[in-house]
Amino acid sequence: PLPPLPTSSEVHLSSQKLLRVQGEVDELRRLVQKEQILLEQEQLLVLEETTRLKAIMSQVEQLHGEIEEINRAFGIERVHIFRSNFRLEAHRISLLQQLQFVFPIKLIPIDIPQNISSFASSANVSTTNRTVPQYTIAGVPLPNDVHSPSVADDQVSSALGFTCHMVALTSKYLGISMRYPIVCKFSRSAILDNEQRRIISGNGNGHKTTYAVYPLFRERVVEREQLDRGCELLNRNVECLLKMRNVEFRKDWNVLAKIDCLMIQLVEGEDIAFAASR
């Protein structure tokens, strides 16, 4: 027997189901198309980001190459600077050695005459010599007290002149500027005090600055205070050289002892103990 034909209500229901399914299929297709569009857009964004990242990586690699090149050039320059400094220091040592030869500094015993009165009679006066160690520069003694009568005026002036020349040349060779400029004129040298300056106004020609000048020689016309001030400024210049080269010293050392300490440290490379007696 044949199956029974569907009724009109069943056909209607089947049509509705078919339409509903067809609508769902259409909706799914629309969603799939939308998702596909979004996926294509995301792929384009990923492609753009990938291209950008590749460009950044290329720039980073280029920068790494430039940094390596800079480091190599920097290393080469450091080697050149080290060699230049080494040659400069060697040249300085050679000049200081020549300076030591021209102005040798020595500590030698010197006989100082002194008078001894007799107890029996004040008229009986005898003379004896007292040996004391004293620093000399180029064979000329420079006592700790530049006013000492044991050394003649011309000897003190010559020793101070030699010292001024040695300090000025040492400052020049080491490339260290002195705070107090020295006027080197052999036994008539002087030193300028920058702390005591005076501005003089000219007649329509601007202003002129003058500095206090202190003698570095001993004569009758030279006041004791002026010579002491000049020696103090000279001593400050020497201490400046020592400090700039990290050489230890003591304040109570003779100025020639300080210079000798500097020379030994720079030329011979010997580290004199801070407690060494000078």
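Please treat every number below as a calculation from the coordinates, not as lab data. A quick note: this is a predicted structure, and the numbers were derived from the prediction, not measured. Glycine also receives a Cβ, built like all others from the backbone with ideal geometry; neighbour counts cover every protein chain displayed.
Size of the stretch 1-89 from its Cα atoms: along the principal axes, largest to smallest, the extents are 124, 24, 13 Å. The simple Förster model, with R0 at 30 Å and r as the Cβ-Cβ distance, assigns Arg188 and His147 a FRET efficiency of 0.95.
The Cα center of the stretch 137-192 and the Cα center of the stretch 11-38 differ in position by 112 Å.
Shown is the FRET efficiency for Glu66 and Gln43, computed with R0 = 35 Å from the Cβ-Cβ distance and rounded to the nearest 0.05: 0.50. Compared with the direct C-alpha span, the chain from Arg250 to Thr7 gains 74.6 nm at full extension, assuming 0.36 nm per residue.
Rounded to 0.05, the FRET efficiency of the Gln97 and Val213 pair, given R0 = 22 Å and the Cβ-Cβ distance, is 0.10. Paramagnetic label reach from Arg78 (point 7 Å along Cα→Cβ; backbone nitrogen cut-off under 17 Å): within the stretch 38-66, no residues.
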